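> Right, I'll just put the structure down here and ask away after.
The values are calculated or read from the model by the stated rules, or taken from the named source; none is laboratory data. Remember, it's a predicted structure, so these values are computed and weren't measured experimentally. Ideal geometry is used to build each Cβ from the backbone, glycine not excepted, and the neighbour counts take in all protein chains shown.
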């Protein structure tokens, strides 16, 4: 089915014109083929056209006939080809590079949308696609023209979604960074072409206009003046018909959808000024304003070109992240040879050679080698990280020292980089409440503007009919609802990119608004305020053995376990030298271990194990906030190992800064009450509770919210997911669980707590920037409309004012890149 369509008016009277409603070809005499389309029975020329029309109607795509500007063709000519082209995107091998598989049959993909010119386009496409059965979510990033779509593959196919987008006049195709750049360059090239035509011809029109202006004083004869009028009309026509399409096409598309967009007032002002001047030429009466018309178009196109470049800069972060992943990977074959292949052909468990200077092509773990890896673009941390066998590698990071061999774990859309890009797009496309209010106001503003224009024109027809027409043109030209709608998305796009470069990944755009208004910051303890890793704090000897000896013996025994407590003891023991050989090792799950070292029986474990073995060790554990592990040698208590989770180095400074910003910090943890109290005291936090279950944490946050608090919750574990979802704003540590990160509005990629006060300050700056933009837009329009209505503004001045309004809004948002 052709996505370019036929005007309904041309084919409504199909019977009279004896043409097929679908393809426009003659209907054979006596034909009985017909389909019920758009509320009427429509004649068809053959069974093929009838079947296609019935299928379109039955699948809810009847709008195709309403929006087309050319007839469709017979199925044999084009329908099968179109369906085949779209169905290609449903193939798994095609989707591998741009579709991510989620739970069950849920799919998620990044698309590029062509034809987006303003926020009204975003609103229209989002509303249209979201109502499709099977579509779970659909959001458009106005800055990059990228769309994130999630759908149930059992109910709808990707090809059907692409078709639905095409049915309303936009073009969608799978996201590819190189193609995205080509789309931007094509849009920019077309805009520059229109601007070049408008600018060059405008100069010629202005030369003629100057001759006419001076001619009025120098006594130009009527015949020469009339000749100049016709020359102005001839020269202005290409500008209006070609360059003006940048405004006419979006305005017409909106009208066909029964919507009023931002381009409608612009188009009306151009058409009215041109038509009025043309009428003056044809009738040889009145005044011509071709210079104003051509200047108006040229200035607006120049403003739109600057706005396009600014929006492209605003979306640079996600683009640069996508380009981090190399196109080529060096896979190690079974025979040991190295083969260069496309990175998207990698599969799980492939072995990949990463040479110094190369980017990591997929997520995985180090199999062989030791080196340092630069992850600055992902974490904001400039210091390279040491990597060794078993360490994780992330696609897009750079190997800086020695060759590494990596085992692939995740590829394509499942890599961390791809998930970050999707989250950035989601953040930039989701709108804070202030943005939704601005968009609704802008749409109502256009309706109000048209009404005001009619009223003011009627008044001028009564006061001075000769000025009425041009006052109407000036009002339509000078107003700028675009700047109102641009105020928020431009600022959000820049802010998300700036925060990502600092290691703070904003996954939902509206989180910035909540962050700016937060009153309480609630922390989990383990893995959030602490490193999440147990460490030996001290060893207490209760025998003739020294603390170092006890640590070495217990560490030697624990090297046989994978338990976190045992690993912490092993790490500490290795600092004192090589571990000792151990025999007769026996694991007692959940209790500890026993074994022989140099002929001595060693027991390392908890009170329960010691009770089972009859070893006397009655210690009051409640008096200490540390985790305590008992050590016995030859059946006698020899000492105690004290372990605790280490507080992050930047925790105290971050909390102090949060307090200085006027927020109240609070700790809610499931850890032992004594340990939580001890930590709160050392960090200077007054409000802290320990021993809480997930449901109890949730209840505490709900209680705060019922008292009017705006809560920022910071956590990292599975048990934090419910409370992260409940809080107005949630923040997860980058090293936390996947479910915690997915439940959060913000992710600290580099796990640095100092980024929390930075985020709080910066979000306030972002909201201030948005309010500045909105304030400027409202003040500008409040001043511009009365001036134009009073007849003080010429059309050319109106064009300058409208262009500057949008440019200033986007330019002000770009300042956030350096804050």
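> Is one or more of the residues making up the range 679-688 surrounded by fewer than 17 Cβ atoms within 10 Å (Cβ to Cβ), outside the structural domain of residue 756 (by TED's automatic domain parsing), at pLDDT 85 or above and in a loop (DSSP other than H, G, I, E, B)?
No, there is no match, as no residue in the range 679-688 is surrounded by fewer than 17 Cβ atoms within 10 Å (Cβ to Cβ), outside the structural domain of residue 756 (by TED's automatic domain parsing), at pLDDT 85 or above and in a loop (DSSP other than H, G, I, E, B).
> Would you say residue 516 is over 21 Å from residue 672 (Cα atoms), assigned by TED's automatic domain parsing to the domain that holds residue 672 and in contact with a helix residue (DSSP H, G or I) (Cβ under 6 Å, 6 or more places away or on another chain)?
So residue 516 fits the description; yes.
> On to the next question. Kindly establish whether residue 398 is at pLDDT 80 or above and either surrounded by fewer than 23 Cβ atoms within 10 Å (Cβ to Cβ) or over 25 Å from residue 503 (Cβ atoms) (or both). Steps first, answer last, please.
Working: at pLDDT 80 or above: yes; either surrounded by fewer than 23 Cβ atoms within 10 Å (Cβ to Cβ) or over 25 Å from residue 503 (Cβ atoms) (or both): yes.
Criteria met by residue 398.
> Could I ask something else about it? Only one residue in 146, 81 is at pLDDT 75 or above and within 30 Å of residue 345 (Cβ to Cβ). Which one?
Details: 81 fails: at pLDDT 75 or above.
Of the residues listed, the single one that is at pLDDT 75 or above and within 30 Å of residue 345 (Cβ to Cβ) is 146.
> In the set 418, 483, which member is modelled with pLDDT of 65 or more and in a helix (DSSP H, G or I)?
Exactly one of 418, 483 is modelled with pLDDT of 65 or more and in a helix (DSSP H, G or I), namely 418.
> Here's another thing I want to ask about it. Which pairs turn up if I take residues in the range 561-588 that are in the same structural domain as residue 539 (by TED's automatic domain parsing) and over 13 Å from residue 603 (Cβ atoms) and look for partners that are at pLDDT 85 or above and surrounded by fewer than 17 Cβ atoms within 10 Å (Cβ to Cβ) with beta carbon separation below 6 Å, at least 6 apart in sequence or on another chain?
Every condition considered, the pairs that remain are 576/548; 583/596.
> With a cut-off of at least 2 residues that are modelled with pLDDT under 70 and more than 30 Å from residue 225 (Cβ to Cβ), name the helices (runs of 4 or more DSSP H) lying wholly within the range 257-362.
290-314, 316-322
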